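Report on the following structure.
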Amino acid sequence: MKRIALVSFLAVASLSAHAQAYVDNARVVSVDPQYESVRVPRQECSNQWVGEPRRGGGRDYGGAVLGGVVGALIGNQVGGGHGREAATAVGAVVGAFTGDNLANRDRWQPVPAAREVTTCRDVEDVQTRIVGYQVTYDYHGQQFTTLMHENPGRFVQVRVSVDPVGR
């Protein structure tokens, strides 16, 4: 029985020892936004054309002419009589074909088609964001400062706690 009375007494005593609290309004003096810089990664891409076709002029006939002359000279060295004439003619024809092939060999190769190539690289943008507001407010002639998540406007609600200082 004494224990129940003691527990009841301690419970009442602890309730009376808690401060009395209420909510009131305080006038906002200033609001300063607080910023932080945030790095935001992104990709920057560009397109380029590669493998541009070669630009060639007309056919080169100098190789055929030079090859024909060299072939005729070599053919003229072979054989005798009418055989020499035939060897000269065959040498001129073979030399002309050979010289033409050598002079124009790049024109017969397939030309690579131009194609578009996309290249990308990672870059970082720096963005500034508001992370809160430093609010200075006046309550009964005293100024207080706090950090808040939102802009409170002209007034801010404050919790006032009244507690006796001494006994």
Kindly indicate whether VAL69 is more than 30 Å from ARG39 (Cβ to Cβ), at pLDDT 80 or above, surrounded by 10 or more Cβ atoms within 10 Å (Cβ to Cβ) and among the hydrophobic types (A, V, I, L, M, F, W, C).
yes
Under 7 Å between Cβ atoms, at least 6 apart or on separate chains: pull out the pairs that start in the range 148-167 with a residue that is among the basic types (Lys, Arg) and end on any residue that is assigned to a strand (DSSP E or B).
ARG154/VAL28; ARG159/ALA21; ARG159/VAL23
Which pairs turn up if I take residues in the range 63-86 that are in contact (Cβ under 8 Å) with a residue 40 or more places away in the chain and closer than 20 Å to GLY99 by Cα and look for partners that are surrounded by 15 or more Cβ atoms within 10 Å (Cβ to Cβ) and not basic (Lys, Arg) with beta carbon separation below 7 Å, at least 6 apart in sequence or on another chain?
GLY63/GLY99; GLY63/ASP100; GLY63/ALA103; GLY63/ASN104
Yes or no: the range 72-84 includes at least one residue that is β-branched (Val, Ile, Thr) and either exposed (fewer than 12 other Cβ atoms within 10 Å of the Cβ) or at pLDDT below 80 (or both).
yes
All but one of (1) modelled with pLDDT under 80; (2) under 30 Å from ASP125 (Cα atoms) hold for VAL38; which doesn't?
(1)
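The values are calculated or read from the model by the stated rules, or taken from the named source; none is laboratory data. Because the structure is predicted, anything quoted here is derived from the model rather than measured. Here the Cβ is made from the backbone with ideal geometry for all residues, glycine too, and neighbour counts use every protein chain on show.
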